[in-house]
Amino acid sequence: MVTESDILNASVMIVDDQETNVILLEQMLREAGYTRVTSTMNPQEVCALNRKNRYDLILLDLQMPGMDGFQVMEGLKTNAADGYLAVLVITAQPGHKLRALQAGAKDFISKPFDLIEVKTRIHNLLEVRLLYKKLENHNLALEQTVQERTAELRESEARYRSLTELASDWYWEQDESGAFTKVSGPVLEMLGIRVDALPGTARAASVAGWNQAEREELQARIAARQPFLDFIFSRLNTDGSQQQFRVSGEPMFTQACRFIGYRGIGVEITTKH
């Protein structure tokens, strides 16, 4: 939350070509306890000053010679460093209020000044501005945390894949349609078949020798989006020898719970004689 101390320590700039108005507003703010009050009577330097100091609030007179308040607000839009620029316009023309709000002002005060109203509007607008800054800073911190966590997850996944490659004969991934998208390790040489012909896919039916019952059970688990651990399946080779394999896998989902495929590891537990 925003404290009273936060509000009183906020930076405020007064922009008015009338020295008496500047003195009155400065005195009022300092007596109210505001500690960071500055002013200028030159509207042409407002944009540069704000770019350098990023004021929490600008009290802006609309009617000034050379460059009026509307032109100042247009200039401020081009160099605003954040999404909430707090401008409180000062005007003696009731017809200018709506135009000022449409031009980007957040509130207005009328001349001649009602000092209680001026202090109240300044206090309220600064509270909103500081809350916005806290939210903005929180979002930046959250974004940084997400980026760091994403990097950690990628590093963790890389370590996981490295370890699984060392601990198994192959690492595999399938997409949502069952097509193999990644296979690491000597699976081609070990099985002597194409990657997309591994058991568990529709294309495996064209490869002879796989145990039909085991293959159907594995396909059923994959179709049900179930994880499986150390599933054993076997293949009878043309020379009469038998190969056995142990495979583990888990379904993968997006954060929106959409299924995107499987990943897992496999190892040959018996070799050809």
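Condition first: in a loop (DSSP other than H, G, I, E, B), closer than 19 Å to Leu29 by Cβ and free of Cβ contacts under 8 Å to residues at least 40 places away in the same chain. Can you find one or more residues in region 87-109 that meet it?
Yes, region 87-109 contains a residue that is in a loop (DSSP other than H, G, I, E, B), closer than 19 Å to Leu29 by Cβ and free of Cβ contacts under 8 Å to residues at least 40 places away in the same chain.
Gln63 - would you say it is surrounded by fewer than 17 Cβ atoms within 10 Å (Cβ to Cβ), touching a residue at least 12 places away in the same chain (Cβ under 8 Å) and not in a strand (DSSP E or B)?
Yes, satisfied.
Here's a check for you: in region 23-77, which residue that is small (Gly, Ala, Ser) and on the phi > 0 side of the Ramachandran plot is modelled with the lowest pLDDT?
For region 23-77, the residue satisfying everything is Gly66.
Are any residues in region 80-133 out of contact with any Leu (no Cβ under 9 Å at 6 or more places or on another chain) and loosely packed, with under 13 Cβ neighbours inside 10 Å, and if so, which ones?
Of everything in region 80-133, those that are out of contact with any Leu (no Cβ under 9 Å at 6 or more places or on another chain) and loosely packed, with under 13 Cβ neighbours inside 10 Å turn out to be Ala81, Asp82, Gly83, Pro94, Gly95, Leu98, Gln102, Pro112, Asp114, Ile116, Glu117, Thr120.
For the list (1) under 21 Å from Asn137 (Cβ atoms); (2) assigned to a loop (DSSP other than H, G, I, E, B), I need the number of the one condition that Val12 fails.
(2)
Are any residues in region 15-60 assigned to a strand (DSSP E or B) and over 17 Å from Gly104 (Cα atoms), and if so, which ones?
Within region 15-60, Arg36, Val37, Thr38, Ser39, Thr40 meet the criteria.
Considering only residues that are hydrophobic (A, V, I, L, M, F, W, C) and not in a strand (DSSP E or B), look in region 215-258 and name the one that is surrounded by the most Cβ atoms within 10 Å (Cβ to Cβ).
Per the stated criteria, the residue is Leu218.
The values are calculated or read from the model by the stated rules, or taken from the named source; none is laboratory data. Computed from a predicted structure; not experimentally measured. No Cβ is skipped: glycine too gets one built from the backbone with ideal geometry, and neighbour counts run over all protein chains shown.
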